[in-house]
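> First, the structure itself, so that you have it in front of you.
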Amino acid sequence: MEKEENILYFVTRNTYKFHEISILFEVANINYTLKQSKVMPTEIQANNIKDVALFKLNSIKGQIHTSYFIEDAGFFVDTPLNGFPGVYSSYVMKTIGNEGILNLIDNFNEAQAHFTSVIALYFKPLDKNYYFEGNVYGKISKTIRGSSGFGFDPIFLPDAHPNKTFAELTTKEKNRISHRGIAWNKFIKFLRENK
Ligand code: ITT
């Protein structure tokens, strides 16, 4: 039977994010069982992803009795939108979507964008919070392309695969270079060092 202290909860309602993390988890080969928790953290609007993640993590303290983590991500169009939508990514996806973002861009040759991911962990054995951040940089596609992934994936051309959007990569290919994959590797390193 699985021991309770070996259960790691990922608190998210986003099934795509859970899918990506599950695939990363499978190859990590660590002595934990990953489970999804749908407890509802409190979301605040703040100026950066890390502050949003910290608040979210603390807002569910006491509701889960083992180690747990949340992951907060954002899409930033650095040029020409000065980082918009950033912390407003979820709202902007629901309102104007990818088409709306493309309509805000004139010169695609100069457009620059990145994704940021922050994994915030409450680590029960040490009774402390930890953060792991990942960023991935790239450009914006002139058109919406690809059908895998979610959110802004169909308009993001990562520097490592400049001719393909994130939505034209498999989950494994995306994980290898993504903001979430980079944050995840730091997280796994921490778990290995703190067995
Ligand atoms: P939680 O329940 O985990 O909070 P969420 O859907 O609210 O899930 P985030 O706040 O982390 O997710 O992300 C905000 C939005 O940013 C999300 O709804 C997507 O539209 C977009 N996004 C995040 N990660 C992405 C990724 O890897 N690829 C494309 N879009 C992404």
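> Which ones in segment 130-163 are under 18 Å from A73 (Cα atoms) and either small (G, A, S) or touching a residue at least 60 places away in the same chain (Cβ under 8 Å) (or both)? Quick ask: steps written out before the conclusion?
Initial filter on segment 130-163 (under 18 Å from A73 (Cα atoms)): 130-140, 148-158.
If the condition is that a residue be under 18 Å from A73 (Cα atoms) and either small (G, A, S) or touching a residue at least 60 places away in the same chain (Cβ under 8 Å) (or both), then Y130, Y131, E133, G134, G138, I140, S148, G149, F150, G151, F152, F156 are the ones that fit.
> Is it the case that some residue within segment 148-156 is farther than 23 Å from Y88 by Cβ, at pLDDT 95 or above and surrounded by 16 or more Cβ atoms within 10 Å (Cβ to Cβ)?
Start the filter on segment 148-156 by keeping residues that are farther than 23 Å from Y88 by Cβ, which leaves 148.
Those still in the list that are at pLDDT 95 or above too: 148.
Add one more test, that the residue is surrounded by 16 or more Cβ atoms within 10 Å (Cβ to Cβ), and what stays is 148.
Yes, segment 148-156 contains a residue that is farther than 23 Å from Y88 by Cβ, at pLDDT 95 or above and surrounded by 16 or more Cβ atoms within 10 Å (Cβ to Cβ).
> Let me ask something additional. Return the residues of segment 17-61 that are without any contact (Cβ under 8 Å) to a residue 24 or more places away in the chain and surrounded by 13 or more Cβ atoms within 10 Å (Cβ to Cβ); say none if nothing qualifies.
Hits for segment 17-61 are F18, S22, F25, D51, F55, S59.
> Residues being closer than 23 Å to G134 by Cα, surrounded by fewer than 16 Cβ atoms within 10 Å (Cβ to Cβ) and of a type in the set (D, E): count how many of those fall in segment 62-104.
1
> Which condition does N103 not pass, out of (1) touching a residue at least 24 places away in the same chain (Cβ under 8 Å); (2) farther than 25 Å from L8 by Cβ, if it passes all the others?
Checking N103 against (1) touching a residue at least 24 places away in the same chain (Cβ under 8 Å); (2) farther than 25 Å from L8 by Cβ, the one that fails is (1).
> Given the criteria part of a loop (DSSP other than H, G, I, E, B) and in contact (Cβ under 8 Å) with a residue 40 or more places away in the chain, does N98 qualify? Lay out the reasoning, then the answer.
Values: part of a loop (DSSP other than H, G, I, E, B): no; in contact (Cβ under 8 Å) with a residue 40 or more places away in the chain: yes.
Judged against the criteria, N98 is not a match.
> Tally up the residues in segment 105-120 that are surrounded by 21 or more Cβ atoms within 10 Å (Cβ to Cβ) and under 18 Å from the mean Cα position of the chain (by Cα), please.
Step one: list which residues in segment 105-120 are surrounded by 21 or more Cβ atoms within 10 Å (Cβ to Cβ), which gives 111, 113, 115-120.
From what's left, under 18 Å from the mean Cα position of the chain (by Cα): 113, 115-120.
Total satisfying the criteria: 7.
> Among the residues that make up segment 93-108, is at least one of them at pLDDT 95 or above and under 20 Å from F190 (Cβ atoms)?
Within segment 93-108, not a single residue is at pLDDT 95 or above and under 20 Å from F190 (Cβ atoms).
> In segment 160-191, what count of residues is obtained for those that are of a type in the set (S, T, N, Q), surrounded by fewer than 20 Cβ atoms within 10 Å (Cβ to Cβ) and not in a helix (DSSP H, G or I)?
Quick first cut of segment 160-191, residues of a type in the set (S, T, N, Q) only: 163, 165, 170-171, 175, 178, 185.
Cutting the leftovers down to surrounded by fewer than 20 Cβ atoms within 10 Å (Cβ to Cβ) gives us 163, 170-171, 175, 185.
So of that shortlist, the ones also not in a helix (DSSP H, G or I) come out as 163, 170.
The qualifying residues number 2.
> Continuing with the same structure: Go through segment 1-37 and give me each residue that's part of a loop (DSSP other than H, G, I, E, B) and more than 18 Å from F150 (Cβ to Cβ). Please lay out each step first, then the result.
Quick first cut of segment 1-37, residues part of a loop (DSSP other than H, G, I, E, B) only: 1-3, 12-14, 29-32.
Within segment 1-37, M1, E2, K3, N29, I30, N31, Y32 meet the criteria.
> Another one. Any chance segment 132-140 includes a residue that's among the acidic types (D, E) and within 26 Å of A53 (Cα to Cα)?
Yes, because at least one residue in segment 132-140 is among the acidic types (D, E) and within 26 Å of A53 (Cα to Cα).
> Still on this structure, please answer the following. Name the single residue that is farthest from H19 (Cα to Cα) among those in segment 56-68 being under 16 Å from the mean Cα position of the chain (by Cα) and more than 11 Å from the ligand (Cβ to nearest atom).
Initially, segment 56-68 is screened for residues under 16 Å from the mean Cα position of the chain (by Cα), giving 56-57, 68.
Next cut, more than 11 Å from the ligand (Cβ to nearest atom) only: 57, 68.
Details: L57: 20, Y68: 17 Å.
Among residues in segment 56-68 that are under 16 Å from the mean Cα position of the chain (by Cα) and more than 11 Å from the ligand (Cβ to nearest atom), the one farthest from H19 (Cα to Cα) is L57.
> Every residue in segment 114-130 that is part of a strand (DSSP E or B) and either away from the ligand (no atom under 14 Å from the Cβ) or among the hydrophobic types (A, V, I, L, M, F, W, C) (or both), please.
Restricting attention to segment 114-130, the residues satisfying the condition of being part of a strand (DSSP E or B) are 114-123, 128-130.
Within segment 114-130, F115, V118, I119, A120, L121, Y122, F123, K128, N129, Y130 qualify.
> I've got another one for you. Only one of E4, E43, E71 is acidic (D, E) and away from the ligand (no atom under 12 Å from the Cβ); which?
Values: E43 fails: away from the ligand (no atom under 12 Å from the Cβ); E71 fails: away from the ligand (no atom under 12 Å from the Cβ).
Result of the check over E4, E43, E71: E4.
> Quick one: in segment 171-195, of everything that is among the basic types (K, R) and free of Cβ contacts under 8 Å to residues at least 24 places away in the same chain, which residue is nearest to F123 (Cα to Cα)? Break it down into steps so the answer makes sense when it comes.
Narrowing segment 171-195 to residues among the basic types (K, R): 172, 174, 176, 180, 186, 189, 192, 195.
Adding the requirement that they be free of Cβ contacts under 8 Å to residues at least 24 places away in the same chain leaves 176, 189.
Values: R176: 25, K189: 14 Å.
So, considering only residues that are among the basic types (K, R) and free of Cβ contacts under 8 Å to residues at least 24 places away in the same chain, the one nearest to F123 (Cα to Cα) is K189.
The values are calculated or read from the model by the stated rules, or taken from the named source; none is laboratory data. Remember, predicted model here, so these are calculated numbers, not experimental data. Counting neighbours? That spans all protein chains shown, and the Cβs are built from the backbone with ideal geometry, glycine included.
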